[in-house]
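What follows is a short report on a single structure.
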Amino acid sequence: MALIRKIICLALLAAAFVPAGAQRKVSADVEVKTVAKGKLSTVTKSVYCTSNGRLVTLYKTPLQYYSISNAKGEYQLYNPSTNEVMSQYDPSLSSTTELVSIFMSGRVDDLGLGYLGYRLSETGREDGYVKKSFSHPDPLLPKVNIVYENYLPIYCEYISSEGKTISRKYLSNFQQFGRMMLPLRSTDISYGSGRDSTVVRTIYSSVRIDTDDPAFDFTVPADAKPMKLDAPAK
């Protein structure tokens, strides 16, 4: 049994840490449910990720619009109903923050934290799990702990410089697509002041590997107008 368990773990490891070029294109449908201050909101979208870091997101409900981003944080938001576009540069909007992009690029070891300047500071084992801690050169930025089971990240927490937990992420329902392991369920809990907290549940479905879809190559029309600040699809 120990040998079988070891073989399974090695297979998962090989699937998780594949080269970035192993999957050239990955798309998926996504449902995001957010509970904040007692209210529930739902967003549905489809993501189209390519191995060069380009990410196209088609938002479907409650509003239909597109976003296009790359690994550098160059970002465009396009409203097809008004033919308006907003362009900006923001590292927090980088394609590397999308879960599908993280796993298709093989960044399972740090969940993409390296893109943000984080570095591994400590590694340990506890109750059969591996725990890695990451820190940033900026002492004001939170420390991040990631817990792994069978080489796959299942839990992530952000700790403030005061030692308080800012947010928690739970990853589950891992499935293999081609040579990529992907968690189809993500639950994020962000803690505000007092007892306020925001819970975001993200469900991935209809994952497609290396299929042709015009959405992968979507670009904003050349005649798009600058988006007004009060546009509904910001």
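The values are calculated or read from the model by the stated rules, or taken from the named source; none is laboratory data. For clarity, every value in this text was computed on a predicted model and none was experimentally measured. Note that each Cβ is placed from the backbone with ideal geometry, even for glycine, and that neighbours are counted across all protein chains shown.
Contact map, the range 213-224: first residue surrounded by 13 or more Cβ atoms within 10 Å (Cβ to Cβ), second residue modelled with pLDDT of 95 or more and among the acidic types (Asp, Glu), Cβ cut-off under 9 Å, separation 6 or more or different chains; pairs are Ala224/Glu84.
Taking the criterion of being within 15 Å of Tyr204 (Cβ to Cβ), of a type outside the set (Phe, Trp, Tyr) and surrounded by 17 or more Cβ atoms within 10 Å (Cβ to Cβ), the residues of the range 33-59 that qualify are Lys45, Ser46, Val47, Cys49, Leu55, Thr57, Leu58. Count of the range 55-78 residues, restricted to those that are within 18 Å of Asp213 (Cβ to Cβ) and within 16 Å of the chain's Cα centre (by Cα), is 8. Within this structure, Thr165 passes the test of being under 28 Å from Ser193 (Cβ atoms) and without any contact (Cβ under 8 Å) to a residue 40 or more places away in the chain. Being farther than 19 Å from Asp217 by Cα, aromatic (Phe, Trp, Tyr) and surrounded by 14 or more Cβ atoms within 10 Å (Cβ to Cβ) is the filter here; which residues of the range 60-104 pass it? Of everything in the range 60-104, just one residue is farther than 19 Å from Asp217 by Cα, aromatic (Phe, Trp, Tyr) and surrounded by 14 or more Cβ atoms within 10 Å (Cβ to Cβ), namely Phe103. When the range 95-106 is filtered for residues that are within 11 Å of Ala71 (Cβ to Cβ) and in contact with a strand residue (DSSP E or B) (Cβ under 6 Å, 6 or more places away or on another chain), the ones remaining, listed by number, are Ser95, Glu98, Ser101.
Within the range 199-225, the set of residues being more than 20 Å from Gly178 (Cβ to Cβ), among the hydroxyl-bearing types (Ser, Thr, Tyr) and outside any strand (DSSP E or B) comprises Thr219 only. Candidates Asp127, Asp230, Asp223, Asp212: the one that is modelled with pLDDT of 95 or more and of a type in the set (Asp, Glu) is Asp223. If the condition is being closer than 22 Å to Val30 by Cβ and among the hydroxyl-bearing types (Ser, Thr, Tyr), then the range 80-120 contributes Ser81, Ser92, Ser94, Ser95, Thr96, Thr97, Ser101, Ser105, Tyr115. Quick one: is Lys72 in contact with a Pro (Cβ under 9 Å, 6 or more places away or on another chain) and free of Cβ contacts under 8 Å to residues at least 40 places away in the same chain? The answer is yes for Lys72. Going through Val18, Val30 one at a time, which residue ends up being crowded, with 16+ Cβ neighbours inside 10 Å, modelled with pLDDT under 50 and within 18 Å of the chain's Cα centre (by Cα)? Result: Val18 is the single residue among Val18, Val30 that is crowded, with 16+ Cβ neighbours inside 10 Å, modelled with pLDDT under 50 and within 18 Å of the chain's Cα centre (by Cα).
Scan the range 107-117 for residues that are out of contact with any helix residue (DSSP H, G or I) (no Cβ under 6 Å at 6 or more places or on another chain) and farther than 14 Å from Glu157 by Cα and the total you get is 5. Where strands (runs of 3 or more DSSP E) fall entirely within the range 30-89, those with at least 2 residues that are out of contact with any strand residue (DSSP E or B) (no Cβ under 6 Å at 6 or more places or on another chain) and not hydroxyl-bearing (Ser, Thr, Tyr) are at 39-50. With respect to the stated conditions, Ser186 is buried (at least 16 other Cβ atoms within 10 Å of the Cβ), within 26 Å of Leu120 (Cα to Cα), touching a Leu at 6+ places or on another chain (Cβ under 8 Å) and polar (S, T, N, Q). Among the residues of this structure, Met181 does not count as one that is surrounded by 17 or more Cβ atoms within 10 Å (Cβ to Cβ), touching a strand residue (DSSP E or B) at 6+ places or on another chain (Cβ under 6 Å) and farther than 25 Å from Asp109 by Cβ.
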